Amino acid sequence: MSKIIVQDKSIAVPGETLAVGMDMLPGSGTYREGESIKANRLGLAVIDGRTIKLIPLSGRYIPKTGDTIICKVIDVSFSGWRLDTNSAYSAMMSMKDATSEFIARGANLTQYYDLGDYVMCKIVNVTSQKLVDVTMKGPGLRKLRGGRVIEVDPNKVPRIIGKQGSMVIMIKDATKCNISVGQNGLVWIDGEPLNELLAIQAMRKIERESHLSGLTDKIKDFLEKNGVHRTNV
Amino acid sequence: MPYNERIDGRKFDETREIEAKVGVIARADGSAMFKIGNTWAYAAVYGPRNLHPKFLQDPQKGILRCNYNMMPFSSSGERVRPGGSRRSKEISLVTGKALLPVLNLDEYPNSVVDVFIELPQTEAGSRCAGICAASMALADAGLEMKDLVCAVSFGKVDGSLLVDLDYSEESYKDGPVADIPIAMMPNSGKITLLQMDGEIRKEELMELIEKAKKVMADIYEVQKKALKEKYHEVEI
C-alpha cells in the first residue's frame, strides 16, 4: 500500500518526497526514485486518483504548438517577420502566413507589420531545436492597434482566463475594456485609461493570489469595490 | 595549544545562524537570499533566455552561466576591486559545476540560464552561501531540478573538526587549518562540490562528510521553508 506524504494542493520543493510505494504513479513535474515519487521542480502538488503531479508556479514560457500568443515584431526580412515570443526563442512568420492580402513582389513589408508592432498569432510548429513558426490566419488573430500590452507570469495565464474564460469575461465586463490574453504571458488591454489600470490591477491580484482558492469571488469583490470609471463624452 | 573551544561559543558541529528568503529581486525570474552569520548572499536567476555569442550555444541543451561577485566593501580586509578576479572566476566555475548535476536544461536548447550571485558582506563560507542562494533561486525560477543543493564549509582547526568555519577560524594562526567547502544534494547525499585548502587525514575527512549529511539536512529544511513561505505570504 502506498503512502502519500504531501497534502493535496500543498507546495512542494525540488527533491521533496511526495509519496512512497509503487501503487502511486508519477505525473508531470515528478520523478520516481526507487519506491518514492519526488518533486522535480517547485510547484503545487495535486493528487489525482493514483497519480501525483506538480502544477508549476513559476518559470518562463516555452513555445508549444497550438498556443495563441502575443508577439512583438523585432525584425523584418525579405520573406517575413521575426517576432519576440517572450521566451528564450524568437518566432518566424512567413509572408504567406501573415495576411490574406496579396503582397506584391518586392513590396515593403513594413507596411503590413512594422518594427515594434504587436500581433496576436498562433504557433503552428516548434522543432526540437525550438525554431518556432507562427501564423496569423485564424479567428481572432490580428494586429493589435492601440491599447497597452502588459507582461504577466505565463503560468498564471490559465487563472487569468478562468474556466471557459469566466475570469477574463468578468474583467472585460467590469472594466469595459477589450482584453486579449496570450498564452506566453503578454496581455493586451484597450479601453479608457483608468479602466485599463483597473484591469491591470485585477490581473496583478490574480497573479499574486493564483494558488489560493476562492479567487473568482475575491476578484469580483475587488472589481465591484473599485468600480468602473466612465469619462463624460 | 589545541582549539578546544570556539571563539564565538558555538558547538563544534553547529553552524552560524541561518536565514533564507525567496523572491527578493522582483525583476529576476527567480531570486533568493541566504545569510549564514555575517556572510550574506543574494542570487538572481535570469532565463532561460537567448544566448549570445552564438558559438556558446549548445543545440542539445541549455547552458548554465554563474557569476560570483563580492561587493567592494564586503570583506573585513582590503576593499575588493570591482570586476572579476582570478578567485571570483574560479568560484563562479565551481558554483556552476556544483549546481549543474541537479538541473535539467534539456528543454532549452541553444539558450542560457544566468545566475548572478552578489555578496554584500562576507565573513568566510561565501561560496557555500552563494551555492545555497543560487539553488533556491533556480527553484524559484521554475527550472526542472531533481533536488536542491546545500553547501557549507567544514574544517579542521588545530586538531578539532568543525562545521561552518568563520573568518577567525579560517585564518587561525596558532595551528594548522584545513578548510573544506562541501556542497551536497540533501536527499541523495551525493556530493557536488568538494574543495580543500590545508591538510587532513582520510579518516577525518570521511568523518566530516558523514557529519555533513546531517548539517545539510538542516540547511535543506531552511531552504524548503523559505521556498514555501513565498507562496504563503499572501494568505495571511
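Applying 1/(1 + (r/R0)^6) with R0 = 22 Å to the Cβ-Cβ distance of B:Ser160 and B:Ser188, what FRET efficiency is obtained, to the nearest 0.05?
Step by step, r from the Cβ atoms, then E = 0.15.
Among the lysines, which have Cα under 18 Å from the Cα of B:Lys54 when same-chain residues fewer than 8 positions away are ignored?
Within the straight-line limit of under 18 Å, B:Lys54 reaches these lysines: A:Lys130.
Taking Cα atoms, how many degrees apart are the long axis of helix A:193-209 and the longest axis of chain A, rounded to 10 and kept between 0 and 90?
Between helix and principal axis, roughly 20 degrees.
If you filter the stretch B:1-99 for chymotrypsin sites (Phe, Trp or Tyr not before Pro), then keep DSSP loop positions with at most 10 other Cβ within 10 Å, what is left?
Loop-located and lightly packed - none at all.
State, to one decimal in nm, how far the label point of B:Leu100 lies from the label point of A:Met22, with both points 7 Å from Cα in the Cβ direction.
3.6 nm
Show me the GluC sites (Glu not before Pro) within the stretch A:1-89 that DSSP assigns to loop and that have at most 14 other Cβ atoms within 10 Å of their Cβ.
Of the GluC sites (Glu not before Pro), the ones in loops of the stretch A:1-89 whose Cβ has at most 14 other Cβ atoms within 10 Å are A:Glu35.
Between B:Asp218 and B:Asp8, what's the calculated FRET efficiency when r is the beta-carbon distance and R0 is 30 Å? Round to 0.05.
So, using R0 = 30 Å, E works out to roughly 0.95.
Using Cα atoms only, what is the angle between the long axis of helix B:202-232 and the major principal axis of chain B, expressed in degrees (0 to 90) to the nearest 10?
Once rounded, one gets 50 degrees.
If you find the alpha carbon centre of the stretch B:191-236 and of the stretch A:116-166, how far apart are they in angstrom?
Distance between centres, Cα-based: 42 Å.
So how tilted is helix B:86-99 from the main axis of chain B? Cα-based, degrees 0 to 90, rounded to 10.
Once rounded, the angle reads 70 degrees.
Go through the stretch A:173-184 residue by residue and turn each phi into a ³J(HN,Hα) via Karplus (6.51, -1.76, 1.60, θ = phi - 60°); whole Hz please, and just put x for glycine and proline.
Whole-Hz 3J(HN,Hα) from phi for the stretch A:173-184: 5, 6, 10, 6, 10, 8, 10, 10, 10, x, 6, 8.
What spacing in nm lies between the two simple spin-label points modelled at A:Ala104 and A:Leu131, each 7 Å away from Cα in the Cβ direction?
3.1 nm
Going by amide H atoms built from the backbone, whose H comes under 5 Å of the H on A:Glu33, apart from near neighbours?
Hits under the 5 Å cutoff: A:Lys38.
Quick check on the exposure proxy: order A:Leu18, B:Leu105 from fewest to most C-beta atoms within 10 angstrom.
Ordered by Cβ neighbours within 10 Å, fewest first: B:Leu105, A:Leu18.
Quick check on my link table: of A:Lys53/A:Lys122; B:Lys89/B:Lys228; B:Lys11/B:Lys156, which ones sit more than 24 Å apart, alpha carbon to alpha carbon?
Over 24 Å Cα-Cα: A:Lys53/A:Lys122; B:Lys89/B:Lys228.
Give the cross-link partners of B:Lys225 among the aspartates and glutamates, using a straight C-alpha distance below 13 Å as the criterion and excluding same-chain residues fewer than 8 apart.
Straight-line reach from B:Lys225, under 13 Å: A:Glu16, B:Glu19, B:Asp140, B:Glu233.
Kindly provide the helix-only [θ] at 222 nm of chain B, computed as the sum of -39,500 (n - 2.57) over DSSP H runs of four or more divided by all residues, to the nearest 500 deg cm²/dmol?
That comes out to -9000 deg cm²/dmol.
Per DSSP H run of at least 4 residues, take -39500 (n - 2.57); add these up for chain A, divide by its residues and hand me the 222 nm value, nearest 500 deg cm²/dmol.
Calculated at 222 nm, the ellipticity per residue is -6000 deg cm²/dmol.
For the stretch B:71-78, just list the computed ³J(HN,Hα) in residue order, Karplus coefficients 6.51, -1.76 and 1.60, θ = phi - 60°, integers in Hz, with x standing in for Gly and Pro.
Each residue's phi maps through the Karplus curve to give 6, x, 10, 7, 9, 7, x, 5 Hz.
Quick one: Karplus J couplings for the stretch B:50-59, per residue in order, coefficients 6.51, -1.76, 1.60, θ = phi - 60°, nearest Hz, x for Gly and Pro?
4, 9, 10, x, 5, 5, 7, 5, 10, x
With each label point set 7 Å from Cα along the Cα-Cβ vector, what nm distance links B:Lys202 and A:Asn226?
6.7 nm
Readers should treat all values here as calculations from the given coordinates under stated rules, not as data from a laboratory. If you're wondering where the values come from, they're calculated on a predicted model, not measured in any experiment. Backbone-built Cβ (ideal geometry, glycine too); neighbour counts: all protein chains shown.
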